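Contents: one structure, followed by commentary.
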Amino acid sequence: MPIPLPSSGSHTWSESTSEGLRELAASTHLTRFAARLDGRLSASTLVRLQKSSRLQVRLAEMLLGNEMDSNGCNWGTDLLLGHDPNRAALLAGSIWHARSLLKLVSKQHLAILLGRIGAEAHAFGIRNLASAVAITATADPEQLSQQIEHDGHACLGAWLDEASALDRTRVLLRLPMGTAAENPAAEHRNAAGPVLSLVIAHLSRETPRHDS
(Lines give C-alpha, C1' and ligand atoms only; values in the text may rest on other atoms or scores of the structure.)
Protein backbone atom coordinates (compact mmCIF):
# COMPACT_ATOMS: atom_id res chain seq x y z
CA MET A 1 0.00 0.00 0.00
CA PRO A 2 1.58 3.36 -0.96
CA ILE A 3 2.31 5.70 1.95
CA PRO A 4 2.00 9.43 1.09
CA LEU A 5 5.07 11.16 2.51
CA PRO A 6 6.82 14.39 1.57
CA SER A 7 9.57 13.98 -0.99
CA SER A 8 12.96 13.36 0.55
CA GLY A 9 15.62 16.03 0.47
CA SER A 10 13.12 18.92 0.46
CA HIS A 11 14.91 20.55 3.42
CA THR A 12 18.35 20.49 4.95
CA TRP A 13 17.98 20.98 8.68
CA SER A 14 20.67 21.55 11.27
CA GLU A 15 21.77 18.50 13.22
CA SER A 16 19.91 19.66 16.34
CA THR A 17 16.70 20.31 14.40
CA SER A 18 16.91 16.94 12.65
CA GLU A 19 17.34 15.25 16.01
CA GLY A 20 14.33 17.15 17.34
CA LEU A 21 12.27 16.02 14.37
CA ARG A 22 13.25 12.41 14.91
CA GLU A 23 12.30 12.64 18.59
CA LEU A 24 8.98 14.24 17.68
CA ALA A 25 8.15 11.45 15.23
CA ALA A 26 9.10 8.81 17.80
CA SER A 27 6.84 10.35 20.47
CA THR A 28 3.84 11.26 18.28
CA HIS A 29 0.65 9.44 19.23
CA LEU A 30 -0.37 6.74 16.76
CA THR A 31 -3.80 8.30 16.23
CA ARG A 32 -2.06 11.31 14.70
CA PHE A 33 -0.17 9.14 12.24
CA ALA A 34 -3.30 7.20 11.35
CA ALA A 35 -5.17 10.41 10.59
CA ARG A 36 -2.45 11.75 8.31
CA LEU A 37 -1.36 8.53 6.59
CA ASP A 38 -4.05 5.92 6.12
CA GLY A 39 -6.67 4.84 8.63
CA ARG A 40 -6.50 1.30 7.26
CA LEU A 41 -2.90 0.84 8.43
CA SER A 42 -2.53 -1.48 11.41
CA ALA A 43 -1.06 -0.27 14.67
CA SER A 44 1.96 -2.53 14.15
CA THR A 45 2.63 -0.99 10.72
CA LEU A 46 2.36 2.52 12.15
CA VAL A 47 4.81 1.61 14.91
CA ARG A 48 7.29 0.27 12.35
CA LEU A 49 7.05 3.48 10.34
CA GLN A 50 7.40 5.55 13.50
CA LYS A 51 10.55 3.71 14.57
CA SER A 52 12.22 3.91 11.16
CA SER A 53 15.19 6.28 11.50
CA ARG A 54 15.13 6.67 7.72
CA LEU A 55 11.55 8.03 7.75
CA GLN A 56 11.32 9.91 11.05
CA VAL A 57 12.40 13.32 9.75
CA ARG A 58 10.03 13.09 6.78
CA LEU A 59 7.18 11.95 9.01
CA ALA A 60 7.72 14.89 11.35
CA GLU A 61 7.82 17.28 8.38
CA MET A 62 4.52 15.85 7.19
CA LEU A 63 2.90 16.26 10.62
CA LEU A 64 4.14 19.82 11.09
CA GLY A 65 3.47 20.97 7.52
CA ASN A 66 3.75 24.71 6.90
CA GLU A 67 4.58 25.36 10.56
CA MET A 68 7.91 23.64 10.01
CA ASP A 69 8.59 25.57 6.79
CA SER A 70 8.22 28.93 8.52
CA ASN A 71 9.68 28.08 11.92
CA GLY A 72 12.18 25.30 11.34
CA CYS A 73 15.15 27.54 12.05
CA ASN A 74 13.66 28.43 15.45
CA TRP A 75 13.45 24.90 16.82
CA GLY A 76 13.82 25.51 20.54
CA THR A 77 13.24 23.72 23.81
CA ASP A 78 10.04 21.71 24.14
CA LEU A 79 7.47 23.59 26.23
CA LEU A 80 7.06 20.59 28.56
CA LEU A 81 10.82 20.00 28.75
CA GLY A 82 10.42 16.65 27.05
CA HIS A 83 7.85 15.27 29.50
CA ASP A 84 4.65 13.40 28.66
CA PRO A 85 1.77 15.86 28.05
CA ASN A 86 -0.72 13.36 29.46
CA ARG A 87 1.20 13.44 32.72
CA ALA A 88 1.25 17.24 32.65
CA ALA A 89 -2.51 17.26 32.06
CA LEU A 90 -3.16 14.97 35.04
CA LEU A 91 -1.01 17.19 37.24
CA ALA A 92 -2.92 20.26 36.06
CA GLY A 93 -6.27 18.52 36.57
CA SER A 94 -5.30 17.47 40.06
CA ILE A 95 -4.75 21.12 40.98
CA TRP A 96 -8.04 22.04 39.36
CA HIS A 97 -9.93 19.50 41.51
CA ALA A 98 -7.72 19.59 44.62
CA ARG A 99 -10.66 20.26 46.93
CA SER A 100 -12.30 17.02 45.83
CA LEU A 101 -9.02 15.14 46.30
CA LEU A 102 -8.78 16.37 49.87
CA LYS A 103 -12.29 15.18 50.69
CA LEU A 104 -11.90 11.73 49.15
CA VAL A 105 -10.76 9.70 52.14
CA SER A 106 -12.41 6.28 51.75
CA LYS A 107 -9.72 3.62 51.17
CA GLN A 108 -11.86 1.98 48.51
CA HIS A 109 -12.47 5.28 46.70
CA LEU A 110 -8.83 6.26 46.98
CA ALA A 111 -7.75 2.96 45.46
CA ILE A 112 -10.03 3.53 42.46
CA LEU A 113 -8.85 7.11 42.01
CA LEU A 114 -5.15 6.29 42.34
CA GLY A 115 -5.58 3.54 39.78
CA ARG A 116 -6.84 6.15 37.32
CA ILE A 117 -4.67 9.21 37.95
CA GLY A 118 -1.68 7.84 39.89
CA ALA A 119 -0.21 8.70 43.26
CA GLU A 120 1.90 11.55 41.89
CA ALA A 121 -1.05 13.56 40.59
CA HIS A 122 -3.02 12.91 43.79
CA ALA A 123 -0.22 14.14 46.04
CA PHE A 124 0.58 17.06 43.73
CA GLY A 125 -3.01 18.30 43.76
CA ILE A 126 -3.28 18.22 47.55
CA ARG A 127 0.10 19.93 47.87
CA ASN A 128 -1.22 22.77 45.69
CA LEU A 129 -4.65 23.01 47.29
CA ALA A 130 -4.37 26.80 47.55
CA SER A 131 -4.46 27.01 43.74
CA ALA A 132 -7.55 24.80 43.28
CA VAL A 133 -10.08 26.06 40.74
CA ALA A 134 -13.18 23.84 40.99
CA ILE A 135 -15.41 24.83 43.90
CA THR A 136 -17.92 21.99 43.83
CA ALA A 137 -16.54 18.73 45.22
CA THR A 138 -17.04 15.38 43.45
CA ALA A 139 -17.36 12.32 45.69
CA ASP A 140 -17.42 9.59 43.04
CA PRO A 141 -13.82 8.53 42.28
CA GLU A 142 -14.44 7.48 38.66
CA GLN A 143 -16.31 10.68 37.86
CA LEU A 144 -13.60 12.68 39.60
CA SER A 145 -10.85 10.99 37.59
CA GLN A 146 -12.70 11.82 34.37
CA GLN A 147 -13.07 15.44 35.44
CA ILE A 148 -9.38 15.65 36.35
CA GLU A 149 -8.40 14.28 32.96
CA HIS A 150 -10.82 16.54 31.06
CA ASP A 151 -10.03 19.79 32.87
CA GLY A 152 -6.33 19.02 32.97
CA HIS A 153 -6.14 18.52 29.21
CA ALA A 154 -8.30 21.61 28.61
CA CYS A 155 -6.06 23.66 30.88
CA LEU A 156 -2.99 22.40 29.04
CA GLY A 157 -4.60 23.25 25.70
CA ALA A 158 -5.47 26.78 26.85
CA TRP A 159 -1.89 27.30 27.99
CA LEU A 160 -0.56 26.02 24.67
CA ASP A 161 -2.77 28.49 22.79
CA GLU A 162 -0.51 31.26 24.09
CA ALA A 163 2.55 29.66 22.49
CA SER A 164 3.69 29.68 18.86
CA ALA A 165 1.86 27.38 16.45
CA LEU A 166 4.96 25.20 16.09
CA ASP A 167 5.56 24.81 19.82
CA ARG A 168 1.86 24.11 20.43
CA THR A 169 1.71 21.46 17.73
CA ARG A 170 4.86 19.76 19.01
CA VAL A 171 3.04 19.08 22.29
CA LEU A 172 -0.39 18.26 20.87
CA LEU A 173 1.07 15.65 18.52
CA ARG A 174 2.09 13.61 21.57
CA LEU A 175 -1.54 13.45 22.75
CA PRO A 176 -4.23 11.22 21.23
CA MET A 177 -6.71 12.94 18.97
CA GLY A 178 -9.89 14.19 20.58
CA THR A 179 -8.75 15.30 24.04
CA ALA A 180 -10.07 18.47 25.68
CA ALA A 181 -6.72 20.10 24.92
CA GLU A 182 -8.04 20.81 21.43
CA ASN A 183 -11.08 22.79 22.63
CA PRO A 184 -10.56 24.51 26.00
CA ALA A 185 -13.32 26.66 27.48
CA ALA A 186 -13.07 30.24 28.72
CA GLU A 187 -12.68 29.07 32.32
CA HIS A 188 -9.62 27.06 31.35
CA ARG A 189 -8.08 30.02 29.55
CA ASN A 190 -8.52 32.18 32.66
CA ALA A 191 -6.76 29.71 34.97
CA ALA A 192 -4.24 28.04 32.67
CA GLY A 193 -1.28 30.31 33.36
CA PRO A 194 -1.06 29.91 37.17
CA VAL A 195 -1.90 26.20 37.06
CA LEU A 196 0.63 25.29 34.37
CA SER A 197 3.34 27.38 36.00
CA LEU A 198 3.10 25.04 38.99
CA VAL A 199 3.20 21.99 36.72
CA ILE A 200 6.22 23.23 34.77
CA ALA A 201 8.08 24.07 37.98
CA HIS A 202 7.44 20.50 39.15
CA LEU A 203 8.58 18.94 35.87
CA SER A 204 11.65 21.15 35.63
CA ARG A 205 13.08 19.53 38.75
CA GLU A 206 13.47 16.28 36.81
CA THR A 207 15.78 15.33 33.97
CA PRO A 208 13.62 15.31 30.83
CA ARG A 209 13.37 12.10 28.83
CA HIS A 210 13.89 14.03 25.61
CA ASP A 211 14.55 17.74 25.31
CA SER A 212 14.00 18.70 21.70
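The values are calculated or read from the model by the stated rules, or taken from the named source; none is laboratory data. These figures come from a predicted structure and were not determined experimentally. Neighbour counts run over all protein chains shown; Cβ positions are idealised from the backbone, glycine included. Just the protein is used for accessible areas: all its heavy atoms, side chains included, with ligands, DNA and RNA removed. Shrake-Rupley method; radii C 1.70, N 1.55, O 1.52, S 1.80 Å.
Taking every Cα-Cα distance in the chain and sorting them into 10 Å bins starting at zero, the pair-distance distribution P(r) comes out as 8, 32, 31, 19, 8, 1 percent.
Here the relative contact order of region 8-161, from alpha carbon pairs under 8 Å that lie six or more residues apart, stands at 24 percent. For the chain, the solvent-accessible area of protein heavy atoms averages 49 Å² per residue (probe radius 1.4 Å; ligands and nucleic acids excluded). The fraction of Cα-Cα pairs per 5 angstrom bin, counted from 0 for region 86-168, comes to 3, 18, 28, 25, 13, 7, 5, 2, 1 percent, rounded to whole percents. A helix-only calculation puts the chain at -18000 deg cm²/dmol for mean residue ellipticity at 222 nm, using -39500 (n - 2.57) for each DSSP H run of at least four residues, averaged over all residues.
Which log10 I(q)/I(0) values does region 28-138 give at q = 0.12, 0.16, 0.21, 0.23 Å⁻¹ under the Debye formula, counting every alpha carbon as one identical point scatterer? Here the Debye-derived log intensity ratios amount to -0.66, -0.85, -1.03, -1.17. Net charge of the neighbourhood of residue 154, taken over other residues with C-beta under 15 Å away and scored Lys/Arg +1, Asp/Glu -1, is -4. May I ask you to list the GluC sites (Glu not before Pro) in region 118-191 that are in a DSSP loop and have at most 13 other Cβ atoms within 10 Å of their Cβ? Here the sparse-neighbourhood loop sites are 162.
Split the chain at each of the trypsin sites (Lys or Arg not before Pro) in a DSSP loop with at most 12 other beta carbon atoms within 10 Å, and the longest piece is 55-204.
Given their separation in residues at 0.36 nm each and the Cα-Cα distance between them, residue 119 and residue 187 gain 21.9 nm when the chain is fully extended.
Leaving ligands, DNA and RNA out of it, report the carbon-plus-sulfur percent of the accessible area of the chain at a 1.4 Å probe. Solvent-exposed carbon and sulfur of the chain make up 51 percent of the total. Taking Cα atoms of region 145-184, Rg/Rh with Kirkwood Rh, to two decimals? Radius of gyration relative to Kirkwood radius: 0.97.
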